[in-house]
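Input: a single structure, listed below in structure tokens.
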Amino acid sequence: MQPNINVVSLVSVGRHPQSGRARRAEQDGRAVELGLKLAGKALTVVHAGNAQESVLRQYAGMGLSSLTVLEQERHCDALPILVSFLQDKHIDVVLTGVRAEGGESSGMLPYLLAEQLGWPLVPRVAEILNVKDGEAEVLLALPRGQRRAVTVKLPFIASVDNAAQEARQTAFGPGLRAELNVLNVNAVTDEAASQWQISTAKPRPKRIKVVKAKTAADRMKAATAKPVGGGGKVMKDETAAEKAQAIFDLLLEEKVVR
């Protein structure tokens, strides 16, 4: 835990991918878990939406004594009230998920917040190692278990990746006893979203990518590769998948056929 650091975690109402029922959002739960690691009981968790939503108690059951709700209707824009809330306080780190599990689910909220506040944005964070002297050392999640270490000045906004530590189990009793601080805000209606008709998405066939590679190992690497940016320091962690890949490459080189 980092002393004297003000951390805010933004949470939303998630949707189960199979049943569609409301739940604690996976990435938002990891953002709360990272916030508890950094600030402990001093963590501020904020939700913009309906204060009567029962899912909020699942976040509170992670060990929170209170949770702040910026109450607004479903078709209101969360960006203006979040910007107003964050500007009024001395905040060092704001943690969000990469994208919401409901609504537009565009993943643009962290970027728009950073633009409005004039703060740097660190995307797809796996862990925040240290906060000292107005700077934070952050690990970014890269493909195949790799990590990139970067340094960013406070305050900043970080979107938490699925590679971050999994959220702890929620306790029903403490979640019910937690206090919900409901704040009345000047909500702004999203005129475009209020006219949308939302329906269940249907899976579409994916176009097969033609990979020109000589070996099966090269084709596997090309199929699982993701574009990554430059800068920072890349830290490789030899996971079980990488060990299996190394054994597979060795068998191909020796031309062993079983």
Q) When ranked by the protection proxy of mean other Cβ atoms within 10 Å per residue, highest first, what sequence do the peptides 135-141, 117-123 form? A) 135-141, 117-123
(Q) Out of all DSSP beta bridges in segment 109-202, what portion is antiparallel? Express it as a percent rounded to 5. (A) 80 percent
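If packing is taken as the average number of other Cβ atoms within 10 Å across a peptide's residues, how do 186-198, 102-114 rank, most packed first? Write out the running numbers ahead of the final one.
Values: 186-198: 11.2, 102-114: 16.2.
Sorting 186-198, 102-114 by mean packing, highest first, produces 102-114, 186-198.
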Q: Could you list which residues have their amide H under 5 Å from that of Val45, counting only those 5 or more apart in sequence or on another chain, with H placed in the peptide plane?
A: Ser9, Thr68
Q. Among Met62, Met220, what's the order by accessible area (1.4 angstrom probe), most exposed first?
A. Met220, Met62
Q: Assuming R0 = 22 Å, can you tell me the calculated FRET efficiency for the pair Glu53 and Asn184, based on Cβ-Cβ distance, to the nearest 0.05?
A: 0.85
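If packing is taken as the average number of other Cβ atoms within 10 Å across a peptide's residues, how do 154-161, 37-44 rank, most packed first? Could the numbers behind the result be given before it?
Numbers: 154-161: 22.9, 37-44: 18.0.
So the order, starting with the most tightly packed, is 154-161, 37-44.
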Q) Excluding Gln169 itself, what net charge comes from residues whose Cβ is under 12 Å from its Cβ, given Lys and Arg +1 and Asp and Glu -1? A) 0
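Give me the percent of accessible area attributable to carbon and sulfur for segment 100-154, probe 1.4 angstrom.
Result for segment 100-154: 47 percent of the exposed heavy-atom area is carbon or sulfur.
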Q: Rounded to whole Hz and in sequence order, give me ³J(HN,Hα) for segment 129-143 from the Karplus expression 6.51 cos²θ - 1.76 cosθ + 1.60, θ = phi - 60°, writing x for Gly and Pro.
A: 6, 7, 10, 7, 6, x, 9, 10, 9, 10, 9, 9, 7, 10, x
**Q.** Amide hydrogen neighbours beyond the local backbone of Met62, cut-off 5 Å, H modeled
**A.** Ala171
Q.
What distance in nm separates the two pseudo spin-label positions at Lys221 and Glu137, each 7 Å out from Cα along the beta-carbon direction?
A. 3.0 nm
Q: With θ set to phi - 60°, apply the Karplus curve 6.51 cos²θ - 1.76 cosθ + 1.60 along segment 63-74 and write out the HN-Hα couplings as whole Hz, x wherever there is a Gly or Pro.
A: x, 8, 7, 8, 9, 9, 10, 8, 6, 7, 6, 5
Q) Ignoring ligands, DNA and RNA, what accessible area per residue does segment 76-212 give at 1.4 Å, in Å²? A) 65 Å²
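The values are calculated or read from the model by the stated rules, or taken from the named source; none is laboratory data. All of these numbers come straight from a predicted model, not from anything done at the bench. Virtual Cβ from ideal backbone geometry, glycine too; neighbours counted across all protein chains shown. Accessible surface areas use protein heavy atoms only, side chains included; no ligands, DNA or RNA. Shrake-Rupley method; radii C 1.70, N 1.55, O 1.52, S 1.80 Å.
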